[in-house]
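> Could you have a look at this structure, given as structure tokens, before my questions?
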Amino acid sequence: MGRPRVVGRSIPSSTRRRVVPLEPVPVGRMRWVFALLCLGLFGLMGRMAWLQLFQAQALEARARSVQTQRTQPLGIRRPIVDRTGRIIALDEERYRLWLHPRYFNLPGDDPVLIRPPADVADRLAPLLSIPSTKILKQIGDRPSGIKLLEGLDPETAAAVRATGISGVDLESYLHRVYPQGELFANVVGFLNQERVPQAGLEQSRHDDLQRHELARSLRRGADGTPLPDNLDAGVFFGDDLRLQLTLDARLQALAAKALSAQVKKWNAKKGVAIVMDVTNGELLALASVPTYDPNRYWDFSSARFREWSVQDLYEPGSTFKPINLAIALQEGAIKANGQVYDNGMIKVGGWPINNHDRKVNGVIDFATVLQVSSNVGMVQAMRRLPADSYWDWLSRLRLDARPDTDLPGAIAGQLKSKEQFTKQPIEPATASFGQGFSLTPLKLVQLHALLANGGRLVSPHITRGLRAGNALASAGTRQGQQLLKPEVTRTVLAWMESVVEKGSGKGVRTPGYRIGGKTGTAQKALNGVYVPGALICSFVATLPIEDPRYVVLVVVDEPQGGNAYGSTVALPVAKSIIDGLLVIEKIPPSIAQSPG
């Protein structure tokens, strides 16, 4: 057999490749292309130069704003504690609970499923201790932005967050809390809903109570990594300072309870009890009735927000008599063993002045003058002192000046002008038994401390300053301006002790302790006119007499009843306070010795 012949196939002309012969590019076209490329390159270089040289700062700032997260201060306030470290005021984190029904979804649900409000209400009701029907009523048919509750504590908020319900949001905020309730409201004050201080130390010490905080700027890289640069010095510093008071919560509670009971018993308008350390001016208690709860301040009249013991004036009456006798002794107008004649009534400038009981006491010494609270005896004693010298002393005691104190709102007393005081004989006569001028209870405490601490005028105060952590400041040291001779004050204190032993202060006697005191029952003046039947009853005590350390003052305004006196209204409160003070301060019994 022969070899098969291969028959070749013909290729269609339409599928044949066309060979284009190469031709040289025109020189003009190459030049145009090259020129365009060079122009674009120069444009890019110019744009880069513009960004680097002229836009660099603006672009860098824009980048920083995108990369940096700035956190503003929370505005945390420092706590307030008493002298033993007991919390009086602090900031707590609270939460608002918001509901958004259009996003309701429970864990495990399909992401696009929208749960009915009833399902969410059933989950929240046991956690919030409110009926689910009440939750549903508050939701109504609103799709979003429903504030269900405010003031949730962190524990409840954590329980709500743990449910993982979509459409339930928690908004945190700071809330000022006063654990002692109304006990310190009169001096501490409160913050309103906008955290603006409204009264007391919260307002007067606002700057001191602001915790050190700075806005934080945290820069992150492209992957979210924090970059430790551009941080201000001290940005992560946070202090733990607390404002420490001189007040003692135990004594404050005791004083408030006794005072409240007596004000209620006598249907009085108001009352105040003050305990002061005479060596350094620290107040251990400052209780006022009526008061208010700073945690619910909106439930009370705004008239209760002011501390009347430092903001209201009154005529001290017989409680000022020891101060007057000390002035007369200091000036040598009377002698420690001197006497006066009390015939029960005396006329001064045509005005009759009587003893409160209209009794004739005859020739009596100055201890007896205090014991029987003789108005006539005081007029006889103080008229031996020239009126101008008397007025100078009242001014020297800063009777008409604002007390040097950290108590907010303290005001000055009122004293007649020197010309009026010296030209009208009735003025020094009425001033001798504590009328015709006015002061605050705080000022009277300061003046009795002057007698108790050997003649030094100390500044009453209620704060010891800021302390870190759990550290507590110790009591202040002895201080004050020397105004009276120590022997003068010792003599007057002995006379005050006789009031407790033999006079109207017997009710405050405590076995084993030497206590001095003075009762007061003064007419109440309003706009320069005495109000018929309106009285202010008071009692002041100093203890222990052999080494005076504390002054206790109780003032009750307008008690009702025919037997309302300093000895029946104010003295029982002072007795309760003194009994507690002896225990709290561990004051040992006095050494038995006869009054000097």
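Since every read-out is calculated from the coordinates, none of them should be taken as a lab result. Model, not experiment: these values are computed from the prediction. Glycine gets a Cβ as well: all are built from the backbone with ideal geometry, and neighbour counts include every protein chain shown.
> Relative contact order of the chain: what whole-number percent is it, with Cα pairs under 8 angstrom and at least 6 residues apart?
Over the chain, the number comes to 14 percent.
> Using R₀ = 22 Å, calculate the FRET efficiency as 1/(1 + (r/R₀)^6) where r is the Cβ-Cβ separation of Thr163 and Ala118; round to 0.05.
0.90
> A further question follows. Tell me which DSSP H helices of the chain clear both cut-offs, 30 Å or more of axial length from alpha-carbon atoms and a mean Kyte-Doolittle hydropathy of at least 1.0.
27-53
> For the chain, what size does the Cα cloud have along each of its three principal axes, sorted from largest down, in whole Å?
Extents along the principal axes: 177, 64, 47 Å.
> Between Ala273, Phe366, Trp393, whose Cα lies farthest towards the positive end of the dipole of the chain when Lys and Arg beta carbons carry +1 and Asp and Glu beta carbons carry -1, centred on the Cα centre?
Ala273
> Per residue of region 347-361, what does 6.51 cos²θ - 1.76 cosθ + 1.60 with θ = phi - 60° give for ³J(HN,Hα)? Whole Hz please, x for Gly and Pro, Karplus curve as stated.
9, 10, x, x, 9, x, 10, 10, 5, 4, 9, 6, 8, 9, 9
> So which trypsin sites (Lys or Arg not before Pro) in region 461-532 end up in coil per DSSP with only 14 or fewer other C-beta atoms within 10 Å?
For trypsin sites (Lys or Arg not before Pro) across region 461-532 that sit outside H, G, I, E and B with at most 14 neighbouring Cβ atoms in 10 Å, the list reads Arg478, Arg509.
> Right, something else. Arrange the peptides 370-378, 552-560 so that the one whose residues have, on average, the most other Cβ atoms within 10 Å appears first.
Final packing ranking: 370-378, 552-560.
> Sticking with this structure for a sec: So what is log10(I(q)/I(0)) for region 249-364 at q = 0.15, 0.20 1/Å, when the Debye sum runs over its Cα atoms only?
-0.94, -1.18
> What number comes out for the charge environment of Ala121, summing +1 per Lys or Arg and -1 per Asp or Glu over other residues with Cβ under 13 Å away?
+2
> Quote the charge dipole size of region 290-362 about the Cα centre in Debye, to the nearest 20; the model charges only the Cβ of Lys and Arg (+1) and of Asp and Glu (-1).
With only Lys, Arg, Asp and Glu charged at Cβ, the dipole is about 240 debye.
> Using only C-alpha positions, report the orientation-averaged shadow area of the convex hull of region 279-328, nm², one decimal.
Averaged projected hull area, Cα only: 5.6 nm².
> With the contact rule set at Cα under 8 Å and sequence spacing of 6 or more, what percent relative contact order holds for region 467-527?
It comes to 24 percent, rounded to a whole number.
> Can I ask one more? For Cys38, Cys537, what ranking results if the residue with the fewest other Cβ atoms within 10 Å of its Cβ goes first?
Going from least to most buried by this count: Cys38, Cys537.
> If the only charges are +1 at each Lys and Arg Cβ and -1 at each Asp and Glu Cβ, what is the size of the charge dipole of the chain around the Cα centre, to the nearest 20 debye?
2420 debye
> Okay, moving on. Beyond 20 Å, how much of the Cα-Cα pair distribution for region 476-569 remains, as a whole percent?
Within region 476-569, distances greater than 20 Å cover 47 percent of Cα pairs.
> For Val289, what is the net charge nearby, where nearby means another residue's Cβ is under 11 Å from its Cβ and Lys, Arg count +1, Asp, Glu -1?
Neighbourhood net charge equals +3.
> Using 7 Å Cα-to-Cβ label points, what is the Ser590/Asp299 separation (nm, one decimal)?
The two pseudo-label positions are separated by 4.4 nm.
> Related question: How far apart, in nm, are two points set 7 Å out from the Cα along the Cα-to-Cβ line at Gln482 and at Leu37?
10.4 nm
> Mind sorting Glu487, Glu331 by how few other Cβ atoms lie within 10 Å of their own Cβ, fewest first?
Starting with the residue having the fewest Cβ neighbours, the order is Glu487, Glu331.
> In addition: Per DSSP H run of n ≥ 4, the term is -39500 (n - 2.57); total these for the chain, divide by its residue number, and report the mean residue ellipticity at 222 nm rounded to 500 deg cm²/dmol.
About -9500 deg cm²/dmol.
> Using the Cα centre of region 91-180 as the reference point, and only Cβ charges (+1 on K/R, -1 on D/E), how large is the resulting charge dipole? Debye, rounded to the nearest 20.
The calculated dipole for region 91-180 is roughly 300 debye.
> Hey, another quick one. Let me see the P(r) profile for region 398-500: every Cα-Cα distance counted, bins of 10 Å, each bin given as a percent of all pairs.
For region 398-500, the binned pair fractions read 13, 32, 35, 14, 5, 1 percent.
> Non-local amide H neighbours of Asn192 (under 5 Å, H modeled in plane, Pro and chain starts lacking H): which ones?
Long-range HN contacts for Asn192: Gln198.
> On to the next question. When Lys and Arg each count +1 and Asp and Glu each count -1, what net charge do the other residues less than 13 Å away from Lys264, Cβ to Cβ, add up to?
Overall, the nearby charge balance is +4.
> If you don't mind, another one. At Glu60 and Arg29, where each label point lies 7 Å from the Cα along Cα→Cβ, what is the point-to-point distance in nanometres?
For Glu60 paired with Arg29, the spin-label model returns 4.9 nm.
> Something else about it: Given R₀ = 45 Å, what would the calculated FRET efficiency be for Tyr103 paired with Met45, taking r from the Cβ atoms and rounding to 0.05?
According to the calculation, E is roughly 0.30.
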